[in-house]
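Here is the structure we will look at, set down as structure tokens.
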Amino acid sequence: MQSLTQHLTTLVSDAFAQSGYDRHYGEVTVSNRPDLGHFQCNGALPAAKAYGRQSREIAQHIADRLQTQAIFKEIGLAGPGFINLTLSDNFLAEFVQKMADDERLGVGPVGQPRRVLVDYGGANVAKPMHVGHLRAGIIGESLKRLFRFMGDHVTGDVHLGDWGTQMGQIIVELAQRRPDLPYFEADYTGPYPQESPITLADLEEIYPAASQQAKSDPAYAEAARQATAELQNGRPGYRALWQHFRNISVAGLKEDYDKLNIHFDLWLGESDVQELLDPMIARLQAQGYATESDGALIMDISEPDDKKPMPPLMLRKSDGAVLYGTTDLATIEMRVQELAAELLLYVVDHRQRQHFEQVFRAAYKSGIAPAQVGLEHNYFGTMNGKDGKPFKTRAGGVMKLKDLIELVEAAALARMAESHVAEGYDDAERQEIARMVGLAALKYADLMNQRSKDYIFDLDRFSSFEGRTGPYLLYTAVRAHSILQKAAEQGLAPGPIRPPTMAAERLVMLQITQLPDALHMAYETRMPNHLADYVYTLANEFNRFYNTCHILREEDAGVQASWLALTQLFRRVMEQALTLLGIEIPERM
Ligand code: ARG
């Protein structure tokens, strides 16, 4: 089904066409002057320019034609020719009823589903996840869910960082600590032990130590560089060791992501395109795209009208090691060839803009990505602390994700106590609610910002049950649920939706009709904040309705049943929207 705004656009466009003007002037939007009408069309102004007429006159013609439609209660003109549309209450109720009757809440799927690959998360093997990976996970998960809901065939891939220099650093560090291990013996013929020689905790301690050492000790750094190249070239002991690192890391990462309710379809990484690298590089060389430079292999990707110089993409270092860009290029090939992906969305922070610009250019130039395949870097800004600098621990270090989640849960528990939420529930349930409230706070605070911008992480504000926060949204959704439950206990059931008689009721209905547009907007722009804005406005409208229309005390049974139906629909819309933001709603609070 068409969204309400689309439906109105069709009507008004028809009116323009019937009056001899181009249809496109009939675009209808939600009114920015709700005191004058629910919707508006400003097309008479540009039409007047194009056709050399008076805008007010054109608007009058269109209004006269629309006047015949029963769906409008009022059509007004304002200023030089703005057309204000007020819907009839009957029509509004019918429209909302249709949404309620539809399993998809009136949201039509896209006409042409595509195969979409969302690359998000981007955690690295051996490095603990930190808050920098948080936004990638939160935004990516939401986009994945949104695209899937809109009907595309979506695959989410974590794209693990598992082939870079950190691997060589850990190998070198472990070789120093445990030279006795068979992995380091050059002529060892195997087999290598099944058990990992180290635990995740070891790994989390070894990596920072190694990377620190590599920064200050050139010989160590050189050894690590060499170990990375040897690993990539297939040295058996290093491969066996690397496999252990990867396995234990992935087990830990899965736990972390599960806690965040973030789920990947694929756990592939940079290393999974190993086999494709040599043939790809050979082909690029044969085709003349890759050229040698100081023993390294590079690809020129500059374009004549570049404003800033665009550095070449380095495909292979002189020691034979490949780089981040090389694996990303081969990964595009794999995604296009093996997964038949038509659109690739990379949810990675803005500091990697040049990297992706380089890789995408290389992919299009060489035909690895055919022109009709979409490659998009859907970048995001930094999560900052209150000091405006990238978020750190109190001690100034990088905060691990696990610690952050704990912090957020504790804040949620404290706020719940303050606001008398979940009072008297047993500890296990309160803890579970705190988990959901904390995650809602964290995720909503992220998703409500336009993703390309930085934002300031202010836990006190985000965990409040008041204002533009995740906890406020959960509380409102739970409130709707509890009204419905109380009603059911009293033997009251939702009934047909009636034309609204109260202003607050009308406004909830109008806001509900905007769901499909909010989803389409978020989908088209790959910006979940449109949906986040939408749910907040909706929750506000519902609370106003709840405060003015005393649902359970209403005496007219028909009105009461209609209000219950509206409450139920509101709850479904909230659930759908929050699910697409990756936010879970507790049963009760
Ligand atoms: N592992 C990278 C990092 O931590 C992010 C990976 C993003 N995806 C990609 N295809 N490059 O920065």
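Let me know the shape class of region 309-362, please: from the alpha-carbon gyration tensor, a ≥ b ≥ c as square roots of the eigenvalues, rounded when a/c is under 1.5, otherwise prolate if a/b is greater than b/c, or oblate.
oblate
Using Cα positions and a limit of under 15 Å, work out the aspartates and glutamates in reach of Lys486, with same-chain residues fewer than 8 apart set aside.
Glu554, Glu587
So what is the relative contact order of the chain, in percent, for Cα pairs below 8 Å that sit 6 or more residues apart?
In percent, rounded to a whole number, it is 14.
Compute the relative contact order of region 369-434 as a whole-number percentage, counting only Cα pairs closer than 8 Å that sit 6 or more residues apart in sequence.
17
Taking amide H atoms as placed 1.01 Å from N in the peptide plane, list the residues 5 or more away in sequence, or in a different chain, whose amide H sits under 5 Å from that of Val28.
Under 5 Å from the amide H of Val28: Thr9.
Can you give me the Cα centroid spacing of region 309-326 and region 462-498 in angstrom?
With region 309-326 and region 462-498 each reduced to a Cα centre, they are spaced 55 Å.
Okay, helix-only estimate at 222 nm for the chain: each DSSP H run of n ≥ 4 adds -39500 (n - 2.57), divide by all residues, round to 500 deg cm²/dmol; what do you get? Intermediate results must be reported in sequence, preceding the final value.
Working: 20 runs with 308 residues, N = 589.
Calculated at 222 nm, the ellipticity per residue is -17000 deg cm²/dmol.
Taking the Cβ of Gly156 as the centre, find all other residues whose Cβ is under 11 Å away and add up their charges (Lys, Arg: +1; Asp, Glu: -1).
Value of the local net charge: -1.
List the GluC sites (Glu not before Pro) within region 499-576 that fall in a DSSP loop (any state other than H, G, I, E or B) and whose Cβ has at most 16 other Cβ atoms within 10 Å.
Here the sparse-neighbourhood loop sites are Glu554, Glu555.
Within 10 Å of each candidate Cβ there may be at most 12 other Cβ atoms; applying that plus a DSSP loop requirement, which GluC sites (Glu not before Pro) in region 370-474 survive?
Of the GluC sites (Glu not before Pro), the ones in loops of region 370-474 whose Cβ has at most 12 other Cβ atoms within 10 Å are Glu423, Glu466.
Name the lysines eligible as straight-distance cross-link partners of Lys386: C-alpha to C-alpha under 25 Å, and not fewer than 8 places from it in the same chain.
Lys400, Lys402, Lys443, Lys453
Please state, to two decimals, what the Cα-based radius of gyration of region 77-197 comes to when divided by 2.2 N^0.38 Å (N = residues). Write out the running numbers ahead of the final one.
Values: Rg = 27.7 Å, N = 121, 2.2 N^0.38 = 13.6 Å.
In units of the globular-protein estimate, region 77-197 measures up at 2.03.
List the trypsin sites (Lys or Arg not before Pro) within region 277-328 that DSSP assigns to loop and that have no more than 11 neighbouring Cβ atoms inside 10 Å.
Within region 277-328, the qualifying trypsin sites (Lys or Arg not before Pro) (loop, at most 11 other Cβ atoms within 10 Å) are Lys307.
Compute the normalised compactness of region 433-589: alpha-carbon radius of gyration over 2.2 N^0.38 Å, N being the residue count.
Relative to the rule-of-thumb radius for its length, region 433-589 sits at 1.06.
Quick one: net charge of Tyr25's neighbours, Cβ under 15 Å, K/R +1, D/E -1?
Neighbour charge sum, excluding Tyr25 itself: +1.
Residues in region 337-365 near a label at Asp300, defined as backbone nitrogen under 16 Å from the 7 Å Cα→Cβ point?
362, 365
Provide the net charge surrounding Tyr120, with neighbours chosen by a C-beta distance below 10 Å and charges set as Lys +1, Arg +1, Asp -1, Glu -1. Display every interim value, and only then the final one.
Values: positive: Arg135, Lys144; negative: Asp119, Glu141, Asp157.
That works out to -1.
Would you list which lysines come within 26 Å of Lys317, measuring only between C-alpha atoms, while excluding same-chain residues fewer than 8 positions from it?
In chain and number order, the partners are Lys127, Lys215, Lys308, Lys365.
In whole Å, what is the distance between the alpha-carbon centres of region 394-435 and region 207-273?
When both Cα centres are located, 32 Å separates them.
How many percent of the accessible area of region 332-395 is carbon or sulfur, using a 1.4 Å probe?
47
Based on a Kirkwood Rh over C-alpha pairs, give the Stokes-Einstein translational diffusion coefficient of region 503-589 at 20 °C and viscosity 1.002 mPa s in µm²/s.
It diffuses with D of about 156 µm²/s by this estimate.
Between rounded, prolate and oblate, where does the chain land on the alpha carbon gyration tensor, with a ≥ b ≥ c its root eigenvalues, rounded for a/c under 1.5, else prolate if a/b exceeds b/c? Working shown, then result.
Working: a/c = 2.81, a/b = 1.60, b/c = 1.76.
Verdict is oblate for the chain.
Jot down the radius of gyration and Dmax of region 89-155, Cα atoms only, both in angstrom.
Expressed in Å, the Cα Rg and Dmax of region 89-155 come to 18.0, 61.
Could you tell me the extents of region 171-235's C-alpha atoms along the three principal axes, largest first, rounded to whole Å?
35, 27, 19
Output the Cα-based Rg and Dmax of region 61-102 in Å, rounding Rg to one decimal and Dmax to a whole number.
12.6, 40
Compute the accessible area per residue over the chain, keeping the other protein chains in place, probe 1.4 Å, unit Å². Don't skip to the end; give the middle numbers.
Values: 26000 Å² over 589 residues.
Result: 44 Å² of accessible area for each residue.
The values are calculated or read from the model by the stated rules, or taken from the named source; none is laboratory data. Everything quoted here is computed from the prediction, not taken from an experiment. Backbone-built Cβ (ideal geometry, glycine too); neighbour counts: all protein chains shown. Heads up: the accessible areas ignore ligands, DNA and RNA and are worked out on the full protein's heavy atoms, side chains in. Shrake-Rupley method; radii C 1.70, N 1.55, O 1.52, S 1.80 Å.
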